[in-house]
Amino acid sequence: MNKVFYSTTIARLSLLLPFLFLGISGLFSQRIVEVKYQQDSRGIASFTAFNHAYCNYILEVYFTTFDNVKSDQPLPYRAEIKPGLNKLFSISAVNPNVPIKFNYASSYNKGCILPKVDTGFIYLLPISAGKEAQAYVLGNADKPADQSAPQNNWYVIRVRMKPGDTIYASRRGVVTEVEDNDATNDAGLPSAGHENYIEVVHADCSFGHYGILKKASSLVKPGQLVKPGQPIGLVGGDKFGRGSEARFSVYYNQEVNVSQNGENIWKMVMIYVPIPFWTKNNGRTMLKNGAEYISEYPLTIVNRELPKGLVGKKVKSKK
């Protein structure tokens, strides 16, 4: 899910009074990306960002007031930050004998700057190896992208299952989000926007979205590495509509520079990827609406993204 947050810190500080820096940087400890600064004995304020998520974020730090201050990096500061602690930039006084004054704010979006997504990557069906199931394709992948829209090329595959069947990972990645607290789908109620799901970030900064999960059925946690063909959760009852079905999509977030009210701003657009799957008897294929397919986990597909040290290690094939 794409998220944007803003924070602002106001500072009217004298470098002759360094103790005034203390305490200001801990105001937003509950945010996904927490921007802080710390002053050293020379009066230099070094900014850092702690990314509490399990995937990269694009961070922008900008100043609305910047009096008697200089930065060692171009401003506004924009960078892709990894999970954990990230060093950003430092500011200092132009004239150390004159008080400085600055206001700063930050915003951030999930994803990478200029992501290089492998749109031809072959995925496994999110069902057990050897299982046959009917697939449906929903989306508008043939519609030209609209840079003003929050999402483009919507594309979701739906695989018919029985209530309680296991959902399997289609590609290697790290779990970024898990939501399995909702029971409305199991009860047969429409719950658009509230379905249980698991999100996984892939090596190319694309995201796999798995749903609909049965309440409290996730087998994985945020931050956990999952491998292709690994059980990750149970499908929900979904009595509303055609019955239980696994829903899977792949998307990435792309920043675009658009004009708004005469000002150029960065906007995040979610772009869905029409993805090919590996199926028995068909090999690499784009799923057709209403067709039936048999899942297969060949080693060439399962082991593609293994770390180099494990590539030659024997792994039991799943037919």
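What order do you get for 98-110, 57-69 when each peptide is scored by the mean count of other beta carbon atoms within 10 Å, highest first? Working shown, then result.
Details: 98-110: 19.0, 57-69: 17.2.
Output ranking for 98-110, 57-69: 98-110, 57-69.
Local charge sum around residue 183 (other residues, Cβ-Cβ under 10 Å, Lys/Arg +1, Asp/Glu -1)? Intermediate results must be reported in sequence, preceding the final value.
Working: positive: 214, 215; negative: 180, 182, 186.
In short, -1.
Once you list every other residue whose beta carbon is under 15 Å from the beta carbon of residue 44, what net charge do they have if Lys and Arg are +1 and Asp and Glu are -1? Mind showing how you got there, number by number?
Values: positive: 36, 42, 70, 87; negative: 40, 72.
Around residue 44, the surrounding residues sum to +2.
Mind checking which aspartates and glutamates have their C-alpha under 15 Å from residue 221, skipping anything on the same chain fewer than 8 residues away?
Output for residue 221: 177, 179, 180, 199.
What aspartates and glutamates does residue 36 reach when the alpha-carbon gap must be under 19 Å and sequence neighbours fewer than 8 apart in one chain are set aside?
The reachable aspartates and glutamates, counting only those whose Cα sits under 19 Å from residue 36, are 60, 72, 80.
Any chance you could count the Lys pairs in segment 53-124 whose alpha carbons are under 21 Å apart, treating pairs 8 or more apart or on different chains as valid?
Values: 70/87; 70/101; 82/110; 82/116; 87/110.
Qualifying lysine pairs in segment 53-124: 5.
So for segment 45-106, averaging the separation of alpha carbon pairs under 8 Å that are six or more residues apart and normalising by length, what relative contact order in percent results?
On the way: 124 pairs, mean separation 29.8, N = 62.
About 48 percent, as a whole number.
Read the figures in this text as sums done on the coordinates, not as results from a lab. On a predicted model such as this, the values are computed, not experimentally measured, just so you know. Positions of Cβ are generated from backbone atoms using ideal geometry, with glycine treated the same way; all protein chains shown enter the neighbour counts.
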